[in-house]
1. Among the residues of the range 606-632, count how many are touching a Ser or Thr at 6+ places or on another chain (Cβ under 7 Å), under 22 Å from Tyr589 (Cα atoms) and of a type in the set (Val, Ile, Thr).
2. Please work out which one of (1) surrounded by fewer than 18 Cβ atoms within 10 Å (Cβ to Cβ); (2) on the phi < 0 side of the Ramachandran plot is the condition Gly36 fails and give its number.
3. Please tell me if Asp333 is in contact with a His (Cβ under 7 Å, 6 or more places away or on another chain) and within 28 Å of Phe205 (Cα to Cα).
4. In the range 70-111, what residues are acidic (Asp, Glu) and surrounded by 14 or more Cβ atoms within 10 Å (Cβ to Cβ)?
5. Can you tell me which residue is surrounded by the most Cβ atoms within 10 Å (Cβ to Cβ) among those in the range 221-235 that are assigned to a helix (DSSP H, G or I) and of a type in the set (Val, Ile, Thr)?
6. So Val110 ticks every box in (1) outside the structural domain of Phe535 (by TED's automatic domain parsing); (2) over 20 Å from the mean Cα position of the chain (by Cα) but one. Which box is left unticked?
7. Among the residues in the range 362-374, are any within 33 Å of the chain's Cα centre (by Cα), buried (at least 22 other Cβ atoms within 10 Å of the Cβ) and either at pLDDT below 95 or part of a helix (DSSP H, G or I) (or both)?
8. Is it fair to say Ala511 is surrounded by 13 or more Cβ atoms within 10 Å (Cβ to Cβ) and either outside the structural domain of Gly124 (by TED's automatic domain parsing) or free of Cβ contacts under 8 Å to residues at least 60 places away in the same chain (or both)?
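The values are calculated or read from the model by the stated rules, or taken from the named source; none is laboratory data. Keep in mind the model is a prediction, meaning the values are calculated, not measured. Glycine gets a Cβ as well: all are built from the backbone with ideal geometry, and neighbour counts include every protein chain shown.
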Amino acid sequence: MARLGRLGFLGVAVVFHVIYILSIFDVYFRSPIVSGMRAYSVDTARAPAQRLVLYVGDGLRADKAFQFFPDPSPSANHNDSSAQELRPLAPFLRSKVLKEGTFGVSHTRVPTESRPGHVALIAGLYEDVSSVTTGWKLNPVNFDSVFNRSRHTWQWGSPDILPMFSTGAVPGRVTDDTYGAEFEDFSKDATELDYWVFDKVKQLFEDAKTDADLNARLRQDKVVFFLHLLGLDTTGHAYRPYSREYLHNIKVVDEGVKEITKLIDDFYSDAQTAYVFTADHGMSDWGSHGDGHPDNTRTPLIAWGAGVATPNTVSSGKAAGHEDGFSHDWRLDHVQRHDVAQADIATLMAYLAGIEFPVNSVGELPLSYLDASDEEKAKAMLVNAREILEMYRVKEEAKKATVFRYKPYPSFAGVGQTADERLKQLEDIAEDGRYQQAIDDSDALMKLGLQGLRYLQTYDWLFLRTLVTAGYLGWIAFAFTTAVDAYILDGKFDAKRTISSVTAFASVLVALYSFLFVQSSPLTYYLYALFPVMFWEEVFLRRGALAAGKNKLFTKFSGEDRVKLILNFLAYIGILEVMVQSYYHREIYTICYLLATAWPAFYGMDFLRENTILCATWALGCVSMSIFTLLPAIKTESTTMILIGGLLILAVGVTYIAAEKSLLSSTSRSKSGLGAPKADGTSRMILGAQV
């Protein structure tokens, strides 16, 4: 590479960093979805339920669904003592927890957004991070889902969510009914979105009374109904999840779910309907979501109806599942809480409806939600394990076809330890009637299968990370040698290539490219491999410049200068480490502010005596700032705090204006020997007023 000017160097920097930014997507955002798997379902004479109803309260936090509050209804008289009485906001859903069904917390993954939440719920996979460049509203890849495996699915709700599951599904299998995008208006009452969904469901069953074909289709088995209730999410964004509007919306959802449940039960009158109520994600106190804060990742899960276990209760003490203290104020301590991963819900729904598990699902069947015998649970777990290992098998075959000298996942590599052999062992255990052992072994095998999928997903990570690290280190070394050449040696160093150096680095590049070609690597991998070789070749050629620069720079350095350089370098590293660790421990900045109070002391006692007010103000400011990083990062709106903050700002401004003359005179005396110019009084007054 010939000597570059400033623009050339800047151009190389921009191109390099833009290309290497793409490496984030190649390393971390590769889609886990594969195709070509065989679908499996639990083989039973009769499915646990003939149909399934899924309610999703978009943006509903788990704690708000179960806590007690005063009546938030707009019509309630909030001066009335009865309106201030604490009560559950969702009494119907609570009754299912207490008497008929099973409940727990569904733990989501980041990003806690609507698209990945619904994909995990209905398809059983955590896919969204691989699709951040393709948009989240529609289905960028064809994943399988519970809806696609049903005989027919009717769904109502947002145009942003429903098409994800009808696009790519078997044609005609999923029927959408969405409101217009203009309905999602934050300036309107968002409960109208939920009322719209409830009204549409009522209309469907009303039409079935006069439409024989529709009636017959509704009465088939393996039918799914999906009600997407967006009101809570919209209300939470607009008013926050602790607001009266959000809490009232929970009441609206509960009343609507109660009405629709009764409508469906009356229509079928066979007690063969399974119900699942949950949410795609939670909501922070700021009215936002997306990150991994527990308020965003914990959502309610309530299941009841055909095939669902009844509550496990204790007469005294605390039932299992409440050990984390999260549900301490739900008044449900006597009912066992069963937490699940969000993807497990898709597996639960598929089992209850008697349909095949979605082939891309990584969910594990939550047995505590099932009203089934040990034999039935053992068979279901065996099928669940088979479905996950089928995905592993297909993914492993695809990896073998492209990887040079493939190394299998160690847990499936030994004699008698392959996935097929382990499944055969499980079948023998179940046939012998050792159902509990079969359940435990199936659970362990599923976890191994999921670890194997993770192994295959990250198979190239070591190579890619090594390549990217070599590229960044090469760029740092290249930039450093360029700076030494240009600013210490004045560009006088002449680097000359030799046949041996060109041959050596060209051989490295050819070897890397050959390896990538054998593995059928994407084009971006070739670019990642080019930069390290190119940069390190330049550094090798200019190694003489580094030596010459070192000699020129350090010949005049005294021992004290070297100590200062080392201390500055260590301080620079320390500051960088503080910045990194502060992402995880905000209290680090509190320590930094407290240490900064001593900064004026480095100027000596004379400076402290001559600038007493200035130093005291500095110390007071640092101590005041140190408090902020001890406070919660997410704060709720508080009129009291806003008023106090405004009064403090006013007090600081008034204090500044009152003390301005004495502060100025003190400063002028301390700097009179330096001929410091006097500041304009008007400017000082304006500054004081702004403060």
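1. Residues flagged as touching a Ser or Thr at 6+ places or on another chain (Cβ under 7 Å), under 22 Å from Tyr589 (Cα atoms) and of a type in the set (Val, Ile, Thr) within the range 606-632 amount to 2.
2. (2)
3. Values: in contact with a His (Cβ under 7 Å, 6 or more places away or on another chain): yes; within 28 Å of Phe205 (Cα to Cα): no.
Taking the combined requirement at face value, the residue does not satisfy it.
4. Residues of the range 70-111 acidic (Asp, Glu): 71, 80, 85, 100.
Of everything in the range 70-111, those that are acidic (Asp, Glu) and surrounded by 14 or more Cβ atoms within 10 Å (Cβ to Cβ) turn out to be Asp71, Glu100.
5. Looking only at the range 221-235, we keep the residues that are assigned to a helix (DSSP H, G or I), and these are 231-235.
Those left that are additionally of a type in the set (Val, Ile, Thr): 234-235.
On the way: Thr234: 26, Thr235: 28.
Among those that are assigned to a helix (DSSP H, G or I) and of a type in the set (Val, Ile, Thr), it is Thr235.
6. The number of the failed condition is (2).
7. yes
8. Details: surrounded by 13 or more Cβ atoms within 10 Å (Cβ to Cβ): no; either outside the structural domain of Gly124 (by TED's automatic domain parsing) or free of Cβ contacts under 8 Å to residues at least 60 places away in the same chain (or both): yes.
In short, no.
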